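Student: Sharing a structure below in structure tokens format, with a few things to ask.
The values are calculated or read from the model by the stated rules, or taken from the named source; none is laboratory data. Predicted, not measured: the structure shown is a model, and the values here were computed from it. So basically every Cβ, Gly included, is an ideal-geometry build from the backbone, and we count neighbours across all protein chains shown.
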Amino acid sequence: MDKEISDKILKAVTVQDIEQIRVEILGKKGFITEKMKGLGALSPEERKLEGQKLNLLKTEIEEAISSKKQELELKAINEKLESEKVDITLPIRQRNVGRIHPVSQTMEEMISILGSFGFALAEGPDIEDDFHNFQALNIPESHPARQMQATFFIEGEEGVVLRTHTSPVQVRTMEKGELPIKIIAPGRVYRCDWDMTHTPLFHQIEGLVIDKKTNMGDLKGCLIEFVKKFFEMDEVPVRFRPSFFPFTEPSAEMDIGCSRENGEFKIEANKGWMEVLGCGMVHPNVLKNSGIDPEEYQGFAFGFGIDRFAMLKYGIPDLRDFFEGDIRWIKHYGFLPLDVPNVATGLSLNGGVK
Ligand code: DAH
């Protein structure tokens, strides 16, 4: 290759330069093609000799161009990477994209703790039938327990209700017949109620464990461990009170010690109590109604009031404010969208934006 050509290739600065050189030398009107054309005028011996030389030269030039091209392409990529470099160690810019509601936050926290205990997620519909919401749960028609829950009925629909609790998901899960069972079912529930600790729409998490040997001790252990993790405290003041639910026997309610002073609401022993959940051993009739043999299987169940847990953890005195949609309230009590709770790095450590 003569020096002029190799210099030209060497001096190319961009991928475009080298492409231009390629066309100039090897293209249809390029210098090599022109020379090839000239071969016709030569004698056969000369043509063979010159032809070989030209081919050699052509290959040499092609290789030089292609290696220069690769070099320039690499250079271009590196320059681009350099100019588009992002410092991922910089703190993120806070953008005002709204807040996570304390109920959603609390629900996520509860699910992540119960998930770490080995509970799987289950679901059921908000619009329920009478069988799953009541009958299968050992609450027959005309049973006084129906009055315990002020039910919303669907107008014109016989036997269809807005579920008054998440307990029907227990029945739906047991009906599938896959044993043993260890599930939680979070969701919305509806009752005709309205005061500081009651709203017509609220949230529960149902828990259900069915196995051959499960007892009240397992239930209490599970719930006490849960509240310690949830409130991130070594000890939480709790008490179990005997209670009544048609779908459990025996039944209990768990209260958490709390105080409500000077508009402040917090966990505290020896002041007052707030009921946060109902629980008990699943009634044999409920097992039977759901197709499980109570002679062989038994289990426990619980129903958390998510909103109540949120009130206690985040010091929110009035439940009704949860659903007012007041932007100042959500700014105060809400959570940043990126603070996803998880058991490993902490549940609410970065939350509670003030
Ligand atoms: N479903 C009950 C309620 O909404 C709460 C409850 C109590 C759920 C006891 C349970 C349970 O699973 O065992 O008032």
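Student: Quick check: anything in the range 210-228 within 14 Å of the ligand (Cβ to nearest atom) and among the small types (Gly, Ala, Ser)?
Tutor: No, the range 210-228 has no match at all.
Student: In the range 26-37, how many residues are surrounded by 12 or more Cβ atoms within 10 Å (Cβ to Cβ) and either of a type outside the set (A, V, I, L, M) or at pLDDT 90 or above (or both)?
Tutor: Total satisfying the criteria: 5.
Student: Next question, about the same structure. Determine which member of the set 348, 259 is more than 29 Å from the chain's Cα centre (by Cα) and modelled with pLDDT under 95.
Tutor: Of 348, 259, the one residue that is more than 29 Å from the chain's Cα centre (by Cα) and modelled with pLDDT under 95 is 259.
Student: Considering the range 210-234 alone, what residues qualify as being of a type in the set (Asp, Glu) and in a helix (DSSP H, G or I)?
Tutor: The first filter runs over the range 210-234 and keeps only residues of a type in the set (Asp, Glu), leaving 211, 218, 225, 232, 234.
Result: 218, 225.
Student: Let me ask something additional. Look at residue 169 and say whether it is aliphatic (A, V, I, L, M), modelled with pLDDT of 95 or more and away from the ligand (no atom under 14 Å from the Cβ). Break it down into steps so the answer makes sense when it comes.
Tutor: Numbers: aliphatic (A, V, I, L, M): yes; modelled with pLDDT of 95 or more: yes; away from the ligand (no atom under 14 Å from the Cβ): no.
Answer is no for this residue.
Student: Take residue 309 and tell me if it is modelled with pLDDT of 95 or more, within 14 Å of the ligand (Cβ to nearest atom) and either farther than 26 Å from residue 191 by Cα or of a type in the set (A, V, I, L, M, F, W, C) (or both).
Tutor: no
Student: I'd like to verify a number: residues in the range 137-159 that are within 36 Å of the chain's Cα centre (by Cα), without any contact (Cβ under 8 Å) to a residue 60 or more places away in the chain and part of a loop (DSSP other than H, G, I, E, B), how many? If you could, list the steps in order and put the result at the bottom.
Tutor: First pass over the range 137-159, keeping only residues within 36 Å of the chain's Cα centre (by Cα): 137-139, 146, 148-155, 157, 159.
Filter once more, so that each one left must be without any contact (Cβ under 8 Å) to a residue 60 or more places away in the chain: 146, 148-155, 157, 159.
Cutting the leftovers down to part of a loop (DSSP other than H, G, I, E, B) gives us 149-152, 154-155, 157, 159.
Final tally of qualifying residues: 8.
Student: Suppose we keep only residues that are part of a strand (DSSP E or B) and modelled with pLDDT under 95 within the range 188-209. Which one would you say is farthest from the ligand (Cβ to nearest atom)?
Tutor: 195
Student: Checking the condition assigned by TED's automatic domain parsing to the domain that holds residue 192, at pLDDT 95 or above and within 21 Å of residue 227 (Cα to Cα), which residue from 127, 113 passes?
Tutor: From the options 127, 113, the qualifying one is 113.
Student: Run down 152, 119 and say which single residue is within 16 Å of the ligand (Cβ to nearest atom), touching a strand residue (DSSP E or B) at 6+ places or on another chain (Cβ under 6 Å) and more than 21 Å from residue 209 (Cα to Cα).
Tutor: After ruling out the rest, the residue left standing is 152.
Student: Only residues in the range 292-307 that are over 19 Å from residue 175 (Cβ atoms) and assigned by TED's automatic domain parsing to the domain that holds residue 227 count as the first member; pair them with residues that are in a loop (DSSP other than H, G, I, E, B) and more than 10 Å from the ligand (Cβ to nearest atom), Cβ under 8 angstrom, at least 6 apart or cross-chain, and list the lot.
Tutor: Cβ pairs passing all conditions: 307/199.
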